[in-house]
1. Let me check I've understood the local charge: for Ser28, count other residues with C-beta under 13 angstrom from its C-beta, Lys and Arg +1, Asp and Glu -1. What total comes out?
2. Within region 6-141, what is the number of lysine pairs with alpha carbons under 22 Å apart, leaving out pairs fewer than eight places apart on the same chain?
3. Out of His97, Ala126, Met54, whose Cα points farthest toward the positive end of the dipole of region 6-141 (charges: +1 Lys, Arg; -1 Asp, Glu; placed on Cβ)?
4. Could you give the size of the charge dipole of region 6-141 about its Cα centre, using +1 on the Cβ of each K and R and -1 on the Cβ of each D and E, expressed in debye and rounded to the nearest 20?
5. Test of understanding: ordering Asp76, Asp12 by Cβ neighbours within 10 Å, fewest first, what list do you get?
6. Quick one: what Rg and Dmax do you get for the chain from the alpha carbons, in Å?
7. For the chain, which DSSP H helices look membrane-span-like by this rule: Cα extent along the axis of 20 Å or more and mean Kyte-Doolittle of at least -0.5?
8. Percent relative contact order of the chain, based on C-alpha pairs within less than 8 angstrom and at least six residues apart?
Amino acid sequence: MSAYSNIMVAIDLTEEAPQVLEKAKAMSQAHGAALTLVHVVEPVGYAYGGDIPMDLTELQDQLDQAAREQLAKYGDQYGVSKENQIVTVGRPESEIHRLAEERSTDLVIVGSHGRKGFQLLLGSTANGVLHGTVCDVLAVRIKDRG
Ligand code: AMP
């Protein structure tokens, strides 16, 4: 029996996502595990404290759609089936915790920038995912390509 059978990889859709996806794909192949791909779209209002006197529904819909299209491209590229490509709206950490439990995930994979010193205090998504996910978490160190 292999250690993991249900792996979830969370990606932020930046140019760093393929680094995380490569590792996730390799892990899923090594374990013969199913791979689920997740991206969480943050509500547009959040950035402004949720207090904007405007209807942002259309903008939010456009962001969701763009995220779905980009996730589908990665899904096709990395051989992830459509039903395992998930785009949801909310706070990345909370949504990843929720989805991991809901889908009986046994390993969550995220990217990590390996922040040092003062930056550590500011927290990171990887940190947030680690604290609160009940299953194992693998943090893939993002290599600086600059
Ligand atoms: P950060 O701490 O925001 O630099 O992100 C580190 C890692 O957290 C990324 O490489 C992704 O694995 C994950 N992550 C960040 N934002 C999101 C998001 N909106 N949806 C899914 N995963 C995310």
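Every number in this text was worked out from the coordinates using simple rules, so none of it is lab data. Treat the numbers as computed from the prediction; the structure is a model and nothing was measured. With ideal geometry, Cβ positions are generated from the backbone for all residues, glycine too; neighbour counts draw on all protein chains shown.
1. Details: positive: Lys23, Lys25; negative: Glu22, Asp106.
Taking every Cβ under 13 Å from that of Ser28, the sum is 0.
2. Working: Lys23/Lys73; Lys23/Lys82; Lys25/Lys73; Lys25/Lys82; Lys73/Lys82.
The result is 5.
3. My answer, from the dipole projection, is Ala126.
4. In total the dipole reaches around 580 debye.
5. Working: Asp76 11, Asp12 14.
Taking fewest neighbouring Cβ atoms as first place, the list is Asp76, Asp12.
6. 15.6, 55
7. 17-31
8. Details: 211 pairs, mean separation 43.1, N = 146.
Worked out over the chain, it gives 29 percent.
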